[in-house]
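Q: One structure follows; several queries about it will come next.
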Amino acid sequence: MPIASGTFAVAAGVSIATAAVCAAGWIASRRQLRESAMERKALEKSSSMLEVERQLVDRMNAGASLTEVLDILTHAIEALTPECLCSVLLLDDEGKRLWEGSRGGLPEEYMRAVSGLAIGPDVGACGSAAFRDETTVVEDISTDPRFAVVRDFVMSFGLMACWSVPICGLNRKVLGTFAMYHRRPAKPRERDLTIVEGAAQLAANAIERLRATERQRENAERIALAEKAAFLGIWEMDLTRGILTLSQELAAQAGLADAVHQLTVTQLREMIHQDDWPGVAAALKEVSPDSTRFHPEFRIVLYNGSIRWLRTQSNVEFADGKATRMRGVSVDITREKEMLEELQFLAAHDCLTGVWNRKAIFDLLHREFEMASRLGESTGLMMLDLDHFKEVNDSHGHPAGDDVLRESVRRLQQAVRSYDLVGRYGGEEFLVVLPRCTRNQVEECAERVRAALAEEQKLADGVGLRISTSIGATVVDALVSSEHEALATADAALYTAKTNGRNCVVYLSPGEGRNGIHRALTHQML
């Protein structure tokens, strides 16, 4: 009997131990299964987060706005954690207030109230997270002092907990907050924080990328506006490939189609005005590793045949002593050149009649005499005066007198040769320089002028008017006589024509009419 009792006890002990081992194994198996399930869910969420990131990148590449991208993010996180409602708030440039970036599934009325929230050390979850730059967990809004002021308002929307993570850029600058709200008090698990922190990182990536893109777009618009306002264009030339790339504004200045922003060197050469290419080529030859500036001015001929002036400023890059790339700007200076030409014209021409003014015609006379003396040729001069012109101004007014002067000059220019030089000597007196001219040619030309100017003119009021002209002419050998003697002789001849009754041509050779010559020389000296 004692033996049997001992055997039973041993058997019972073995059974209990076996049961204990089985129970421990079952518990361990359950734990492993649970941990395996948790790991599987974590992996699934991790995979889902990667899918969310891919969606965001695709939308950003497609040109989506920041609001659209953040909405995709908040809705995607809500899909991963159905018990949560998500929001993104963006910190303003001053770093003082949070504004709506995305409300996710939160009520619109709630987000309107939250948008513009001033941040602070104890301002709810989001305001505190942004201010402290740290994850802020409010497990129960009903008891947390950070929601004391707005507790009833927040809870009226059924929101009982909020976990908020600061959204930080690469330089740790706070950009905003990503928050997860719950409809019951809730404490985050490690994997929950991983999700919200991962969402905040995705938000940071999107915010920085899209803001950088926006800055680039704004800069490009500013550059384009500056280019247009300054008639300025940017370009770059790859010298190894022989390709010139133009900015949109420069391409427009060059008259190229919208889609054409690149030219070959050959095409560029064809656009540069043939008279300006030697200067451009010479400027290129002067460029070296020690002198990398390239800044010529030249004309380009557009496809419609019009011509534009460009001023170029650029630097040339060298590699191993060889020019490889040029970068620069070109400014359209066509209007500048036109204004300069206008100023030059006004400086040398009579503003009423358009012929050379007194100084310019004297300079041209001097040039012609120098050339004639080198070539051994003679030069003719005519000095003419409109007879009794003062009576026109007195009887018909100065505007009518101006019209008579302009019409007389027009007829004068038609009567002389195309290469003869006409200038206004003063008042109603004009000087004509006739290069390479004989006495017969001068006298014939003078008579054509007198006859042309004697024909009737019609004034603006329809009144007919005839005005005669007195002309003094001479031809001088530049090797024998100076331009001053020639002027004096022509003036003496004009004086003689007037004393002979006007409306005639008087020719004098150098040395004749000394009284007139003395008067003219004295006048010039004075």
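Q: In segment 149-175, what residues are closer than 18 Å to Thr136 by Cβ and of a type in the set (Ser, Thr, Tyr)?
A: Ser164
Q: For segment 327-355: of the residues being in contact with a Leu (Cβ under 9 Å, 6 or more places away or on another chain) and in a strand (DSSP E or B), which is surrounded by the most Cβ atoms within 10 Å (Cβ to Cβ)?
A: Ser330
Q: Also, quick follow-up: So for segment 297-315 (the condition being touching a Leu at 6+ places or on another chain (Cβ under 9 Å) and under 30 Å from Arg466 (Cβ atoms)), does at least one residue qualify?
A: No, that holds for no residue.
Q: To continue, here is another question. Any residue that is out of contact with any strand residue (DSSP E or B) (no Cβ under 6 Å at 6 or more places or on another chain) and in contact (Cβ under 8 Å) with a residue 40 or more places away in the chain - is there at least one of those in segment 281-293?
A: The answer is no; no qualifying residue exists.
Q: Can you work out which of the residues in segment 429-471 that are small (Gly, Ala, Ser) and part of a helix (DSSP H, G or I) is surrounded by the fewest Cβ atoms within 10 Å (Cβ to Cβ)? Spell out the reasoning first.
A: Residues of segment 429-471 small (Gly, Ala, Ser): 446, 451-452, 454, 460, 462, 464, 468, 470.
Now narrow it down to the ones that are part of a helix (DSSP H, G or I): 446, 451-452, 454.
Values: Ala446: 28, Ala451: 13, Ala452: 17, Ala454: 15.
Among those that are small (Gly, Ala, Ser) and part of a helix (DSSP H, G or I), it is Ala451.
Q: Being of a type in the set (Ser, Thr, Tyr), closer than 20 Å to Phe369 by Cα and loosely packed, with under 15 Cβ neighbours inside 10 Å is the requirement here; does Tyr425 meet it? Steps first, answer last, please.
A: Numbers: of a type in the set (Ser, Thr, Tyr): yes; closer than 20 Å to Phe369 by Cα: yes; loosely packed, with under 15 Cβ neighbours inside 10 Å: no.
Criteria not met by Tyr425.
Q: If we scan segment 309-321, do we find a residue that is aliphatic (A, V, I, L, M), free of Cβ contacts under 8 Å to residues at least 12 places away in the same chain, more than 30 Å from Ser482 (Cα to Cα) and touching a Pro at 6+ places or on another chain (Cβ under 9 Å)?
A: First, pick out the residues of segment 309-321 that are aliphatic (A, V, I, L, M): 310, 316, 319.
Remaining after also requiring free of Cβ contacts under 8 Å to residues at least 12 places away in the same chain: 319.
Next, only the ones that are more than 30 Å from Ser482 (Cα to Cα) stay: 319.
Next cut, touching a Pro at 6+ places or on another chain (Cβ under 9 Å) only: none.
Looking for residues that are aliphatic (A, V, I, L, M), free of Cβ contacts under 8 Å to residues at least 12 places away in the same chain, more than 30 Å from Ser482 (Cα to Cα) and touching a Pro at 6+ places or on another chain (Cβ under 9 Å), one finds none in segment 309-321, hence no.
Q: Separate question: Regarding Arg410, is this residue without any contact (Cβ under 8 Å) to a residue 12 or more places away in the chain, under 20 Å from Ala446 (Cα atoms) and part of a helix (DSSP H, G or I)?
A: yes
Q: What are the residues in segment 372-405 that are of a type outside the set (Lys, Arg), surrounded by fewer than 14 Cβ atoms within 10 Å (Cβ to Cβ) and outside any loop (DSSP other than H, G, I, E, B), if any?
A: Leu375, Glu391, Asp394, Ser395, His398, Pro399
Q: Going residue by residue through segment 507-514, is there one that turns out to be modelled with pLDDT of 95 or more, assigned by TED's automatic domain parsing to the domain that holds Lys390 and farther than 27 Å from Leu352 by Cβ? Steps first, answer last, please.
A: Restricting attention to segment 507-514, the residues satisfying the condition of being modelled with pLDDT of 95 or more are 507-508.
Okay, now just the ones that are also assigned by TED's automatic domain parsing to the domain that holds Lys390, so 507-508.
In the following step, the residues that additionally are farther than 27 Å from Leu352 by Cβ were identified as 507-508.
The answer is yes, given that some residue of segment 507-514 is modelled with pLDDT of 95 or more, assigned by TED's automatic domain parsing to the domain that holds Lys390 and farther than 27 Å from Leu352 by Cβ.
Q: Another question, if that's okay. What tally of residues in segment 472-483 results from selecting those that are assigned to a strand (DSSP E or B) and surrounded by fewer than 15 Cβ atoms within 10 Å (Cβ to Cβ)? Spell out how you get there, then give the answer.
A: Within segment 472-483, the first condition is being assigned to a strand (DSSP E or B), and the residues that meet it are 472-477.
Subset that is surrounded by fewer than 15 Cβ atoms within 10 Å (Cβ to Cβ): 477.
Count: 1.
Q: Where in segment 81-191 are the helices (runs of 4 or more DSSP H), entirely inside, with at least 1 residues that are among the small types (Gly, Ala, Ser)?
A: Numbers: elements: 108-114, 126-132, 151-155.
Helices (runs of 4 or more DSSP H) meeting the threshold: 108-114, 126-132.
Q: With Arg367, Arg417, Arg406 as the choices, which residue is more than 15 Å from Ser482 (Cα to Cα) and within 47 Å of the chain's Cα centre (by Cα)? Give the derivation first.
A: Details: Arg367 fails: more than 15 Å from Ser482 (Cα to Cα); Arg417 fails: within 47 Å of the chain's Cα centre (by Cα).
Testing whether each residue is more than 15 Å from Ser482 (Cα to Cα) and within 47 Å of the chain's Cα centre (by Cα) leaves just Arg406.
Q: Scan segment 192-220 for residues that are surrounded by 17 or more Cβ atoms within 10 Å (Cβ to Cβ) and either in contact with a helix residue (DSSP H, G or I) (Cβ under 7 Å, 6 or more places away or on another chain) or in a loop (DSSP other than H, G, I, E, B) (or both) and report the count.
A: Adding up the residues that qualify gives 8.
Q: Can you tell me how many residues in segment 294-326 are surrounded by fewer than 17 Cβ atoms within 10 Å (Cβ to Cβ) and either aromatic (Phe, Trp, Tyr) or not assigned by TED's automatic domain parsing to the domain that holds Arg241 (or both)?
A: Qualifying residue count, segment 294-326: 2.
Q: Could you list, in sequence order, all residues of segment 228-252 that are modelled with pLDDT of 80 or more, assigned to a loop (DSSP other than H, G, I, E, B) and within 11 Å of the chain's Cα centre (by Cα)?
A: Hit for segment 228-252 is Ser247, nothing else.
Q: Would a scan of segment 133-145 turn up a residue that is in contact with a Ser or Thr (Cβ under 9 Å, 6 or more places away or on another chain) and over 18 Å from Val174 (Cβ atoms)? Before the answer, list the steps.
A: Of all residues in segment 133-145, those in contact with a Ser or Thr (Cβ under 9 Å, 6 or more places away or on another chain) come to 134-138.
Filter again for over 18 Å from Val174 (Cβ atoms), leaving 138.
Among the residues of segment 133-145, at least one is in contact with a Ser or Thr (Cβ under 9 Å, 6 or more places away or on another chain) and over 18 Å from Val174 (Cβ atoms), which makes the answer yes.
Q: Can you name the residue in segment 272-326 that is of a type in the set (S, T, N, Q) and assigned to a loop (DSSP other than H, G, I, E, B) and, of all such residues, is farthest from the chain's Cα centre (by Cα)? Working first, answer last.
A: Narrowing segment 272-326 to residues of a type in the set (S, T, N, Q): 274, 288, 291-292, 304, 306, 312-315, 324.
If we keep only those that are assigned to a loop (DSSP other than H, G, I, E, B) as well, we get 274, 292, 304, 306.
Details: Gln274: 27, Thr292: 24, Asn304: 23, Ser306: 22 Å.
Among them, the one singled out is Gln274.
Q: Filter segment 413-428 down to the residues that are on the phi < 0 side of the Ramachandran plot, outside any strand (DSSP E or B) and not β-branched (Val, Ile, Thr) and list them by number. Outline the logic, then answer.
A: Of segment 413-428, the ones on the phi < 0 side of the Ramachandran plot are 413-425, 428.
From what is left, the residues that are outside any strand (DSSP E or B) are 413-420, 428.
Hits for segment 413-428 are Gln413, Gln414, Ala415, Arg417, Ser418, Tyr419, Asp420, Glu428.
Q: Sticking with this structure for a sec: Inspect all residues belonging to segment 62-73 and state whether any of them is part of a helix (DSSP H, G or I), of a type outside the set (A, V, I, L, M, F, W, C), at pLDDT 70 or above and over 15 Å from Arg209 (Cβ atoms). Quick ask: steps written out before the conclusion?
A: To start, the set of residues in segment 62-73 that are part of a helix (DSSP H, G or I) comprises 66-73.
Within this subset, residues satisfying the condition of being of a type outside the set (A, V, I, L, M, F, W, C) are 67-68, 71.
Remaining after also requiring at pLDDT 70 or above: 67-68, 71.
Filter again for over 15 Å from Arg209 (Cβ atoms), leaving 71.
Within segment 62-73 (the criterion being part of a helix (DSSP H, G or I), of a type outside the set (A, V, I, L, M, F, W, C), at pLDDT 70 or above and over 15 Å from Arg209 (Cβ atoms)), the answer is yes, since at least one residue qualifies.
Q: Is one or more of the residues making up segment 253-265 part of a strand (DSSP E or B), β-branched (Val, Ile, Thr) and under 28 Å from Gly321 (Cβ atoms)?
A: Step one: filter segment 253-265 for residues part of a strand (DSSP E or B), giving 262-264.
Next, only the ones that are β-branched (Val, Ile, Thr) stay: 264.
Pick out the ones that are also under 28 Å from Gly321 (Cβ atoms) and you get 264.
Scanning segment 253-265 turns up at least one residue that is part of a strand (DSSP E or B), β-branched (Val, Ile, Thr) and under 28 Å from Gly321 (Cβ atoms).
Q: Can you tell me how many residues within segment 237-281 are among the charged types (D, E, K, R) and crowded, with 16+ Cβ neighbours inside 10 Å? Quick ask: steps written out before the conclusion?
A: Looking only at segment 237-281, we keep the residues that are among the charged types (D, E, K, R), and these are 238, 241, 249, 258, 269-270, 275-276.
After this cut, where a residue has to be crowded, with 16+ Cβ neighbours inside 10 Å as well, the list is 249, 276.
Residues in segment 237-281 being among the charged types (D, E, K, R) and crowded, with 16+ Cβ neighbours inside 10 Å: 2 in total.
The values are calculated or read from the model by the stated rules, or taken from the named source; none is laboratory data. The structure displayed is predicted, hence computed values, not measured ones. Here Cβ is always computed from backbone atoms with ideal geometry, including for glycine, and neighbour counts include all displayed protein chains.
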